[in-house]
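Chemist: Questions regarding the structure given below will be posed in turn.
Bear in mind that the values in this text are calculations on the coordinates, not laboratory data. All figures in this text were calculated on a predicted structure; none of them were measured in a lab.
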Amino acid sequence: MKYEIWTLVNDGAEVTPMFKAFETQDSKALYTEYAKLSETGPHIIVYNGPKPIDGAIHVGADVEKPWIYESPDGGKTLYRRRFGMDERERIRK
C-alpha cells in the first residue's frame, strides 16, 4: 500500500490538489507527517495502491468512489466526501 499527502491550493473558485508533499507505506509515518503539514495549510491523504480483492474490507463503494478527507483549517475540523462528489460531512470538529 502506498499513501500520499497532497497539498491543496485555493484558486478562489475551488480547492484543488496541487502537488504531492509526502509519500509512504507506513501509516504511522503518514499521520505524523499529515499533522505537521496540516499546520501549514490544507492537505489531503490519498491511497494509491492496488484495489482490494473480493472479501477485503474495502469492497463496493469504497473501491469505486473512495473517501477523500479534507481539513480546511489545518486539521482542527475534518470533513470527508466521496471522490467526485461535492457534498461532504464533518467527522471531527
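Chemist: Hey, can you grab everything whose amide H is under 5 Å from the amide H of Ala21? Only 5+ residues off in sequence or another chain; H modelled, so Pro and N-termini drop out.
Modeler: The answer is Ile5, Trp6, Thr7.
Chemist: What list of ³J(HN,Hα) couplings, whole Hz, do you get for the range 27-44 from phi and the Karplus terms 6.51, -1.76, 1.60, once you set θ to phi - 60° and write x for glycine and proline?
Modeler: After applying 6.51 cos²θ - 1.76 cosθ + 1.60, I find 5, 5, 5, 4, 6, 5, 5, 4, 4, 5, 5, 5, 5, 9, x, x, 9, 10 Hz.
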